[in-house]
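The values are calculated or read from the model by the stated rules, or taken from the named source; none is laboratory data. What you see is a predicted model, and the numbers here were worked out from it, not measured in a lab. Every residue, glycine among them, receives a Cβ derived from its backbone with ideal geometry; neighbour counts consider all protein chains shown.
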């Protein structure tokens, strides 16, 4: 891969990781408004659990699939599933539909973490990886802080559905960059 394109691919991978990581926290501040609009207070904990459960369950599966079918393909499928789930979450009209959509979103999110790390391993030498892994790890801390703030902002000034729709441009950017620029070293 061209050395000058590595930072762009790294940004795309980091954005994808941020999307998946922030979804665990961004919904927290939006939940009172979501429950107010959709009802289903007894089910609201499933909005969190569905996402995290599917993400954790699918991580090992995606790692193996990426080894068999390639990083670009599985990473792209994961982000596309995540984006489909995000769109469906934003259009949810009942709490049950929101929970089902969060399952889909979580299935996609399971691909992001392991494959992002693998893509970075493909692009950078062993000597460079420690610094880059530090960048990737910082995504989790940043998302833990920004998630609730962004959720509150969207609920207050726009609509709770934007908690999910904000992912769309970042996901599309990530998929396009990884598909068209990332080249695995032989």
Self-check item: Residue in the stretch 147-157 that is surrounded by 14 or more Cβ atoms within 10 Å (Cβ to Cβ), more than 15 Å from residue 19 (Cα to Cα) and out of contact with any helix residue (DSSP H, G or I) (no Cβ under 7 Å at 6 or more places or on another chain) present
Solution: yes
Quiz prompt | Hits in the stretch 33-45 - residues which are under 30 Å from residue 174 (Cα atoms) and exposed (fewer than 15 other Cβ atoms within 10 Å of the Cβ) | solution = 45
Exercise. Sort through 99, 132, 104 and tell me the only one that's modelled with pLDDT under 95, buried (at least 17 other Cβ atoms within 10 Å of the Cβ) and either in contact with a helix residue (DSSP H, G or I) (Cβ under 7 Å, 6 or more places away or on another chain) or in a helix (DSSP H, G or I) (or both).
Key: 132
Quiz item: Restricting to the stretch 35-76, what's the tally of residues that are over 24 Å from residue 120 (Cβ atoms) and out of contact with any helix residue (DSSP H, G or I) (no Cβ under 9 Å at 6 or more places or on another chain)?
Solution: 3
Exercise. Could you check, for the stretch 20-32, whether at least one of its residues is under 15 Å from the mean Cα position of the chain (by Cα), modelled with pLDDT of 95 or more and either in a helix (DSSP H, G or I) or buried (at least 23 other Cβ atoms within 10 Å of the Cβ) (or both)?
Key: no
Exercise. Report whether or not residue 79 is within 18 Å of residue 170 (Cα to Cα), part of a helix (DSSP H, G or I) and either modelled with pLDDT of 90 or more or in contact with a helix residue (DSSP H, G or I) (Cβ under 9 Å, 6 or more places away or on another chain) (or both).
Key: yes
Self-check item: Residue within the stretch 150-161 that is touching a residue at least 40 places away in the same chain (Cβ under 8 Å) and over 21 Å from residue 85 (Cβ atoms) present
Solution: yes
Practice problem: Report, by residue number, each residue of the stretch 82-96 that is surrounded by 21 or more Cβ atoms within 10 Å (Cβ to Cβ), closer than 25 Å to residue 181 by Cα and over 10 Å from the mean Cα position of the chain (by Cα). | Solution: none
Exercise. Test each condition in (1) surrounded by 15 or more Cβ atoms within 10 Å (Cβ to Cβ); (2) without any contact (Cβ under 8 Å) to a residue 12 or more places away in the chain for residue 125 and report the one that comes out false.
Key: (1)
Practice problem: Output the residues belonging to the stretch 160-186 that are surrounded by fewer than 17 Cβ atoms within 10 Å (Cβ to Cβ) and either modelled with pLDDT of 95 or more or in a helix (DSSP H, G or I) (or both). | Solution: 168, 169, 172, 173, 176, 179, 180, 181
Exercise. Test residue 109 against the criterion of being outside any helix (DSSP H, G or I) and closer than 30 Å to residue 37 by Cα, and give yes or no.
Key: no
Self-check item: Selection status of residue 10, at pLDDT below 95, surrounded by 14 or more Cβ atoms within 10 Å (Cβ to Cβ) and over 26 Å from residue 136 (Cα atoms)
Solution: no
